[in-house]
Every structure is written in structure tokens, then in C-alpha cells.
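Structure first, commentary second.
Please treat every number below as a calculation from the coordinates, not as lab data. It should be emphasised that the depicted structure is a prediction, and the values quoted were computed from it without experimental measurement. All Cβ positions, even for glycine, are placed from backbone atoms using ideal geometry, and neighbour counts span all protein chains on display.
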Amino acid sequence: MEKFINSGQQKVEKTTDELYNELTTLKEENIGQWLQEREEQTITFGQYLEQLCQKYKLSPSKVGEEAGISKQHISNTKNGIKTLSRNNVVKIGVNLGATKEEIDKLLKCAGHKELYPKRNWDCIVLYGLHHKLSVDEIDELLFDNGEDDLLHAKK
């Protein structure tokens, strides 16, 4: 998959093979245009958060508040001034009621790795997402299984 432009933006997802196939069919004089088009196909964390908030009919500040994140920090993050920790991005996704795929994309837009079922902490979060558990219920499962909760996770 593609790499991040920076911690606040993610390229529109295309597989490495798809990109390679596009690249190999280009003529030399079109490479600059192709690179420019790819650059324009970016989405920031703030833009994607806005899309999800509209979809789930919630405001970013309300979602942030429910996740224990100040309105100012959410605003600064949306504007690319600050970043959120991986666990805070997960909390926002859970509070939105977002799907695993949406949370993974939100994580990628924020410059973090997707949830990965081979990591115990991630595995428990994925279980919670699949069973539509709340942040508190996921935290309880994390604690019961010897993992840091969403507030204190070092992810």
C-alpha cells in the first residue's frame, strides 16, 4: 500500500500493483502530470473526520469530548497543527460508531498503523468493534486481559 505524505494526510488507497501498472503505462512526458494528480488525491485527518462526523450525524467537538479530548485539541488536529495518539484516534472512531475499515482509514490519515489482530491490544479492540462495544466496555476487556486501557495505552 502507499505511504503517507505526512502524518496528517493519506493518499487515496491504491495497491502497489495498481500504482505500478499505472506507472509502467505512462509516457515520460506524462510523469509530472501523473505525480501532480496523485498529490491532489489526498485526504487529511481533519477532512476524513468531518466526513465521518457528517455520516454519523455528530460534531467533531462532541466526539472529542466523549473521548476526553478538548475542543481546542480536536480543532488543532483537524487543522493539522497537532496530532492525536493512536489510542485517541481509536476512541474517536469507537465513539462515532465507525466500522473497522473507517477506523483503520482514520488511523492511517493520522499517521498511525491500522488495527492489527496479531497484537493483543489491537485484537481486543477489534473484538470490541465487531461486537459494537462502547469505549468503557472495551476498556474493561483490555484491563481484564492485562492490557492498557484506551486512555493509557502506549500505542
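Here is the link list: 62/100; 71/132; 27/105. Which ones come out longer than 23 Å on Cα distance?
From the list (62/100; 71/132; 27/105), the Cα-Cα distance tops 23 Å for 71/132; 27/105.
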With just the Cα atoms defining each centre, how far is segment 71-106 from segment 37-60? Give it in Å. 11
Overall Cα dimensions of segment 9-144 - principal axes, largest extent first, Å: 57, 34, 23
Based on the Cβ-Cβ distance of residue 70 and residue 29, what FRET efficiency does E = 1/(1 + (r/R0)^6) give at R0 = 41 Å, to the nearest 0.05? 0.25
Arrange the following residues from fewest to most other Cβ atoms within 10 Å of their Cβ: 74, 92, 69. 69, 74, 92
Residue 18 to residue 56: extension gain in nm, 0.36 nm per residue of separation minus the Cα-Cα distance? 10.6 nm
Can you tell me the length gained on complete extension of the stretch residue 38 to residue 134, counting 0.36 nm per residue apart and subtracting the Cα distance? 30.9 nm
